[in-house]
1. Given labels modelled 7 Å from the Cα in the Cβ direction, how far is it in nm from residue 88 to residue 110?
2. Quick one: Cα centre-to-centre distance for the range 162-208 and the range 92-119, in angstrom?
3. Based on the alpha-carbon gyration tensor of the range 75-207, what equivalent-ellipsoid semi-axes (square roots of 5 times the eigenvalues) come out, in whole Å, largest first?
4. First measure r as the distance between the Cβ atoms of residue 44 and residue 24, then evaluate 1/(1 + (r/R0)^6) with R0 = 45 Å and state the FRET efficiency to the nearest 0.05.
5. How many lysine pairs in the range 26-158, separated by 8 or more positions in sequence or lying on different chains, have Cα atoms less than 23 Å apart?
6. Take each of the peptides 109-121, 88-100, 187-199, average the number of other beta-carbon atoms within 10 Å over its residues, and list them starting from the highest.
7. For residue 31 and residue 58, what is the calculated FRET efficiency with R₀ set at 30 Å and r taken between the beta-carbons, to the nearest 0.05?
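What follows is calculated from the coordinates using simple rules that are stated; it is not laboratory data. Source: prediction; values computed, not measured. Quick reminder, even Gly has a Cβ in these numbers, built from the backbone with ideal geometry, and neighbours come from all protein chains shown.
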Amino acid sequence: MKMLVAQKILFLLCAGVSLAHDFITSDQLKNIEDRLRATEETLKELKTENEALRSFTKASSDKLESIQAENKAKKVAFSVGLVASGPQQLGPFDTRTTLLYKKIFTNTGNAYDPNTGTFTAPVNGVYFFRFYAHAQTSDLMAVSLHKNNQLQCSVYSQKILNNANGGNGVVLSLQKGDEVYTQLWENSYIFDDDHSYTSFSGFLLFPM
């Protein structure tokens with residue numbers, strides 16, 4: 001608005017000078033020229049202010065988008081069960097096998113991938129993980145939690161009379177992109193059904 005008003009003033013002054021050039025004194029002409037110069041300076045100042053305002057607005061918008069993205073990334077939690085429905089016993093396998101948990105209770109942030117059974121850290125931070133395993137045979141039941149390719153903790157049961165349950169948990173410092181998953185040991189069994197005895201959960205405690 002200020003820019004528009006200044007432009008109108010400049011136009012009127014120029015028109016006035018053109019029409020009244022033969023009817024004004026040199027002092028009056030000098031006064032008009034001074035006013036024209038002052039108006040031009042005002043226009044330059046307004047242009048500079050507008051450019052600064054645009055730069056500030058863009059910087060503020062970029063900062064807001066960055067904060068929103070950071071806050072969204074901080075909301076990380078998942079909890080999953082081994083089978084989506086019905087009873088199922090897994091194993092034995094010849095090698096250690098990553099467990100694919102198919103029943104999704106919650107997956108805020110979508111950091112857990114049910115296709116790979118892997119949680120991938122979306123941000124640097126400290127995370128808590130907990131897993132449970134269930135067995136219904138007298139054979140070996142053993143499951144470990146891994147960070148990338150490193151074993152962190154395990155549950156183990158063998159030669160039980162009936163059913164057995166095991167659970168373990170750990171707090172891990174993760175970098176963005178680190179992977180956490182559970183594996184069934186070779187030559188061991190695990191069981192789950194609609195009651196979700198076998199599960200895997202984790203969440204971000206705080207970012208770093």
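1. 2.3 nm
2. A separation of 9 Å, based on Cα centres.
3. Values: eigenvalues 127, 46, 29 Å².
The answer is 25, 15, 12 Å, longest axis first.
4. Numbers: r = 26 Å, r/R0 = 0.58.
Efficiency for this residue pair is about 0.95.
5. Taking the range 26-158 as the scope, the lysine pair count is 13.
6. Details: 109-121: 17.2, 88-100: 14.9, 187-199: 19.8.
Result, highest mean Cβ count within 10 Å first: 187-199, 109-121, 88-100.
7. Details: r = 41 Å, r/R0 = 1.37.
E between residue 31 and residue 58, to the nearest 0.05, is 0.15.
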